[in-house]
Structures are given as C-alpha cells and as structure tokens.
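Take a look at the structure below.
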There are 2 protein chains.
Amino acid sequence: MKYPNGKQFTSALEKKKSTINHGSRGMSLENEINQSNQYYLSRGIAVVHKKPTPIQIVNVDYPKRSAAIIKEAYFKKASTTDYNGIYLGRYIDFDAKETKQLNSFPLNNFHQHQIKHMQQCYDLGGICFTIIKFTKTDEVYVLNFPDLFKYWKRKEENGKKSISKSEIEHNGYKIKYNLNPLIPYLEAVKTIIDHTNI
Amino acid sequence: MKYPNGKQFTSALEKKKSTINHGSRGMSLENEINQSNQYYLSRGIAVVHKKPTPIQIVNVDYPKRSAAIIKEAYFKKASTTDYNGIYLGRYIDFDAKETKQLNSFPLNNFHQHQIKHMQQCYDLGGICFTIIKFTKTDEVYVLNFPDLFKYWKRKEENGKKSISKSEIEHNGYKIKYNLNPLIPYLEAVKTIIDHTNI
C-alpha cells in the first residue's frame with residue numbers, strides 16, 4: 001500500500017539519494033515545489049502551502065506528561081488537490097504529479113474528485129492547473145485546467161488514457177529549473193492569469 | 001495532551017451529546033462550518049475546505065493484501081489556518097475558534113504563526129478573518145483580520161490577553177444561525193469584501 005498520491009512513505013533524505021547532483025535530479029517534485037513556495041513566501045510573492053496528508057485516526061494514546069501518540073490510523077483519499085493559495089490577488093489551486101513515462105502522462109494519476117474540485121474552483125474564478133514532471137528527463141510542465149479537462153473528457157469519450165508528451169509540450173508551459181525559486185512555476189501561472197483577464 | 005486546536009480527540013457522536021436540541025447546541029463549531037461549506041459548495045457559491053490535521057508519521061506497516069496502517073504518529077502544530085478557499089473570486093482564509101468564556105475571547109487561542117500566515121495572505125489581497133463562537137450562549141461572530149491584529153498587537157504592547165465581548169460585538173459581524181447554511185458566515189465576508197473594494 002502506498003500514499004494516496006502513489007508514493008511510498010520515504011524520508012526526504014532517502015529521496016535525495018542520487019550521487020550526481022545534476023540540477024534537482026533525484027529530488028521529488030513535492031520537495032521541489034515546497035522549496036519554491038518557501039522562496040515565494042519569503043519574498044512576499046505568493047502564499048502557497050501543501051495541505052497535510054489526510055489521515056483517518058482510529059486510536060490515540062494520551063500518556064501522562066508526554067505528547068499524544070496516534071497508535072492506529074489510515075491514509076485517506078484526498079478530496080481536493082494538494083496545493084492552494086494566493087498569487088497576484090488570485091486564488092490558485094493545483095496538484096503536482098510525477099510520471100516515469102517518457103512519452104506520455106497517464107491520466108489515472110488523477111481521481112475524479114480532484115478533477116471535480118478543480119472544476120468547482122475554476123467556475124468560481126480560481127486559477128487551477130497541474131504541474132507535471134517527467135522524472136526520467138527532469139522536465140516540468142504547467143498545464144492549465146481547461147487543457148487538462150479537455151484530455152480528461154477525451155478519456156471518458158474515447159478511452160485514450162493518457163496525454164501525449166507532444167500535447168503537453170504544445171498546450172503546457174515548460175518550466176526551466178532555476179536557483180531561486182527552484183521551479184519558477186508562478187511565471188507560467190502569471191501568463192495564464194494574463195490570458196484569463198483579457 | 002490535546003489536538004493542536006485545543007480539542008480532545010472525540011467522535012462527532014460524542015460531541016453532540018446535548019439532550020436538548022436547541023438550534024445547533026452541542027455541535028462543534030468545526031462541524032457547523034463544515035456543514036455550511038457543504039451547502040455553499042453544493043450551490044456553487046464558494047469552495048472552502050478544512051485542511052486535514054497535520055500529523056508527523058513515524059512508523060507505518062504495509063501488510064499484504066490490506067491497507068497501510070500508521071502505527072506511530074504525532075500531532076503537529078498547524079503552520080497555517082484551518083480553512084481556505086474561494087468566494088466571489090477572492091481568496092479567503094480563516095480559522096474557527098470556540099471559547100467557553102462568557103465575556104471575553106482569550107487570544108492564546110491563536111499561535112503567532114497563524115497570525116503571521118493571515119498577515120501574509122492579507123498583504124497579498126486575501127480576505128482573512130476568524131470565526132469565534134461563544135459556546136455557552138451559542139453566539140457566533142466573524143472578526144476581520146485587521147481587527148484581530150489590532151487586539152493581537154495590544155496584547156504584545158500592554159499585555160491585555162483577551163478581546164472583550166463588547167469589542168467583538170462592536171467590531172465583528174454577528175452571524176445568526178440559519179437552516180441552510182447553518183452558519184451563513186459568507187454574508188459577513190461579502191460585507192468585508194464590499195468594504196475592501198471601496
């Protein structure tokens with residue numbers, strides 16, 4: 001069994017086990033985004049936080065003179081996306097997904113309720129998108145929700161279960177790794193906002 | 001030891017143990033807000049979710065053919081507020097606090113980092129506030145962040161550790177219990193937004 005986001009429970013140290021430090025190679029997309037959000041927060045550019053992993057708590061011990069210990073709990077499916085916050089006065093909402101595929105992004109990385117959540121936020125004027133990382137090549141893209149939804153509907157209509165890499169290249173925004181922030185994804189979001197406001 | 005929000009870990013059933021069903025009496029503010037948010041969501045009025053309780057996971061079992069079991073974990077202090085979302089195209093961010101006091105609201109219900117988080121969101125154009133419930137009298141108020149911050153600074157400056165009930169009555173917005181939504185707090189938020197946009 002894995003995390004709802006499909007990842008095994010591993011420490012941040014274990015994750016960065018690549019011996020060659022080539023850009024961010026070996027770092028999880030989640031860590032890269034958290035680092036970037038930390039930078040954006042420190043500069044007063046945006047407030048974006050990852051939501052805690054949802055847990056169903058079953059049994060808790062309250063020992064005297066020490067912290068409560070959760071003795072039994074289970075991972076729950078998230079009912080929303082992992083990240084939200086505020087940027088340029090706008091509500092932003094997104095999920096981050098990694099794939100080991102080279103030429104396509106499998107849509108089963110998303111659950112129906114995540115798509116529905118993004119649709120609900122989008123309908124109210126929120127800026128919704130997904131960040132996709134191709135881990136084999138360290139390529140990161142921002143894909144605006146209306147584009148993602150187009151492919152999601154295609155899956156429902158004709159069964160095509162993934163978005164091809166070239167479709168992502170064509171519709172998405174490629175994010176180049178940087179020093180600070182590591183993933184300057186808000187530049188793409190600014191472009192999306194600018195287009196939305198026209 | 002209690003939850004970071006100061007509540008013991010009790011089931012929803014236990015919480016509603018009042019025998020007299022006088023309005024919402026006996027229901028926790030959190031449940032009341034969740035119910036109200038469910039209504040707002042179903043009508044396409046706003047998307048607001050409570051964030052999961054942050055947990056530090058220490059030990060997880062992965063039994064074959066069944067779900068992962070968290071065997072050891074601890075409650076962490078939240079680094080943000082409990083609720084955020086989108087309403088009238090605006091990013092909204094707030095916390096919900098109960099007090100058993102009759103005539104004042106103790107400011108130690110807030111942590112420094114929650115105030116800082118609201119300040120950061122507010123500075124970027126977010127609508128930040130707190131919902132306060134006086135549980136003895138079932139009175140609920142929305143207090144806008146700038147007002148909350150005024151009293152927070154007063155605490156730091158002259159040590160007054162609470163906001164008096166009359167100050168809340170004067171500066172806040174009283175929310176009358178309703179059927180649907182149970183707590184129509186977004187009416188007060190609309191007033192705040194209208195004043196912000198002037």
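Of note:
- Helices (runs of 4 or more DSSP H) (entirely within segment B:96-181) containing at least 1 residues that are aromatic (F, W, Y): B:112-123, B:145-158
- Of all residues in segment A:26-77 being of a type in the set (F, W, Y) and under 25 Å from A:V140 (Cα atoms), the one that is farthest from the other protein chains (Cβ to nearest Cβ): A:Y39
- Counted residues, segment A:67-80 - those being in a loop (DSSP other than H, G, I, E, B) and either touching a residue at least 60 places away in the same chain (Cβ under 8 Å) or among the hydrophobic types (A, V, I, L, M, F, W, C) (or both): 5
- Which listed residue is among the β-branched types (V, I, T) and more than 20 Å from A:S36 (Cβ to Cβ), from A:I115, A:I86: A:I115
- Pick from segment A:78-106, criterion over 18 Å from A:P52 (Cα atoms) and in contact with a strand residue (DSSP E or B) (Cβ under 6 Å, 6 or more places away or on another chain), ranking: farthest from the other protein chains (Cβ to nearest Cβ): A:S104
- Among all residues of segment A:81-93, there is at least one that is in contact (Cβ under 8 Å) with a residue 60 or more places away in the chain and closer than 25 Å to B:I57 by Cα.
Residues are listed down the side, and each one gets a yes or a no for (1) more than 22 Å from A:Y122 (Cα to Cα); (2) surrounded by fewer than 17 Cβ atoms within 10 Å (Cβ to Cβ); (3) in contact (Cβ under 8 Å) with a residue 12 or more places away in the chain:
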residue: B:N37; (1), (2), (3): no, no, yes
residue: B:S42; (1), (2), (3): no, yes, no
residue: B:I55; (1), (2), (3): yes, no, yes
residue: B:N59; (1), (2), (3): yes, yes, yes
residue: B:R65; (1), (2), (3): yes, yes, no
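Throughout, read-outs are computed from the coordinates displayed, never taken from laboratory work. Please read all numbers here as calculations on a predicted model, not as lab measurements. So basically every Cβ, Gly included, is an ideal-geometry build from the backbone, and we count neighbours across all protein chains shown.
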